[in-house]
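The values are calculated or read from the model by the stated rules, or taken from the named source; none is laboratory data. Because the structure is predicted, anything quoted here is derived from the model rather than measured. Methodologically, a virtual Cβ is constructed for each residue, glycine included, from the backbone with ideal geometry; neighbour enumeration extends over all protein chains shown. The area values use the complete protein model at the heavy-atom level, side chains included, leaving out ligands, DNA and RNA. Shrake-Rupley method; radii C 1.70, N 1.55, O 1.52, S 1.80 Å.
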Amino acid sequence: MSDWLRSLEGTAAGHDAALALALLAAVLHALFGALQKGRHDPWLSRAAIDGSYALTAAPFALFVVPWPEPHMWPIFAGAFAIHAVYKLLQAMTYSRGAFTVVYPVVRGTGPLFTVTFAGFVFGEQFTAGQWAGVALLSGGILGLALWNLVHIRAQRDTMIPALWLAFATGGFVALYTTYDAYGIRATADPFTFLAWFFLFDGVLMPVLTVRRWCRLPRPEITALLQRGVLGAFVAYFSFGSVMMATRLDKVGEAAVLRETSTVFAALIGWLVLGEKVGRVQFALMALIAAGAVIVEVMG
């Protein structure tokens, strides 16, 4: 499969595959965010997910995929550091703000930064039409956050710091997207990067939350571990899909398309978490989708 994926790089078929992978990542990323935000402590939810995908990735990293080339070890160290800061910021954000408010801010700031970073790192150029699509998508996402901020009453006392944290988290989304795209392109086999990334990335949060786990009753631990296993498989396909998309085609386009996850997150917040979604929110979601379509059509 690795040889087949490499044969698609830079081709029209690779572009189409990257489009499909980025949209799949959008759906799954919204589900992943909801799994972390649900009724459990976001720190413990993230720890359960990370620990599950580290344990599952270990045998693949050690015995299935080719071992990383020597130059990959410093790249993995950088990825670990960037994702560690991102996850700490994300957990603090979700602890303080309603999901349908903070999640759009995180995802709305990400595309603007990512497209800029990809231009510097990979020399990617967006057309004027594509920049208009990015502006429309990000505007719709941030408008969705503003609407929810005005109308949602939950966690009002901590909402302002949550919004600042969400903005910072969005910056790290752009940073890790660009850096990981560099990492997955730096190794011959993309599955080598993914397997070792998940093995390293899953260590931090379980270690940081040991005391929280010790204070939990056993039924709560069981429920969290079940959520962790589900979240691990969602993470594999969500993160793996967008990383493959960045290897096959432009990093900026994949990042923008992934941020349609905000639409799916709003639907999850409405249907699963019981958060209301009205006509204005649906109109803003239509703007987000339209922005993504413009980025793709004008490319």
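Being open to solvent by 10 Å² or more (accessible area, probe 1.4 Å) and within 21 Å of PHE99 (Cβ to Cβ) is the filter here; which residues of segment 239-259 pass it? Within segment 239-259, PHE239 is the sole residue that qualifies. Inspect segment 260-276 for any residue being in a helix (DSSP H, G or I), open to solvent by 10 Å² or more (accessible area, probe 1.4 Å) and among the β-branched types (Val, Ile, Thr) and give the result as yes or no. Looking through segment 260-276, at least one residue is in a helix (DSSP H, G or I), open to solvent by 10 Å² or more (accessible area, probe 1.4 Å) and among the β-branched types (Val, Ile, Thr).
Checked against the criteria, VAL27 does not count as modelled with pLDDT under 90, open to solvent by less than 60 Å² (accessible area, probe 1.4 Å), assigned to a helix (DSSP H, G or I) and of a type in the set (A, V, I, L, M). Within segment 57-69, at least one residue is open to solvent by 10 Å² or more (accessible area, probe 1.4 Å), assigned to a helix (DSSP H, G or I), modelled with pLDDT of 80 or more and in contact with a helix residue (DSSP H, G or I) (Cβ under 7 Å, 6 or more places away or on another chain). Test ARG156 against the stated conditions and say whether it is surrounded by fewer than 19 Cβ atoms within 10 Å (Cβ to Cβ), at pLDDT below 80 and charged (D, E, K, R). When the stated conditions are applied, ARG156 passes them.
When residues in segment 70-120 are screened for being open to solvent by less than 10 Å² (accessible area, probe 1.4 Å) and part of a loop (DSSP other than H, G, I, E, B), 2 of them pass. Of all the criteria given as (1) without any contact (Cβ under 8 Å) to a residue 40 or more places away in the chain; (2) not in a loop (DSSP other than H, G, I, E, B), the one not satisfied by PHE237 is (1).
Could you list all residues from segment 185-219 that are open to solvent by 50 Å² or more (accessible area, probe 1.4 Å), assigned to a helix (DSSP H, G or I) and farther than 20 Å from PHE63 by Cβ? Before the answer, list the steps.
If we filter segment 185-219 for residues that are open to solvent by 50 Å² or more (accessible area, probe 1.4 Å), which is where we start, we get 185, 188, 191, 200, 203, 207-208, 210-212, 214-215, 217-219.
Adding the requirement that they be assigned to a helix (DSSP H, G or I) leaves 185, 191, 200, 207-208, 210-212, 214, 218-219.
Answer for segment 185-219, where residues must be open to solvent by 50 Å² or more (accessible area, probe 1.4 Å), assigned to a helix (DSSP H, G or I) and farther than 20 Å from PHE63 by Cβ: ARG185, VAL207, LEU208, VAL210, ARG211, ARG212, CYS214, ARG218, PRO219.
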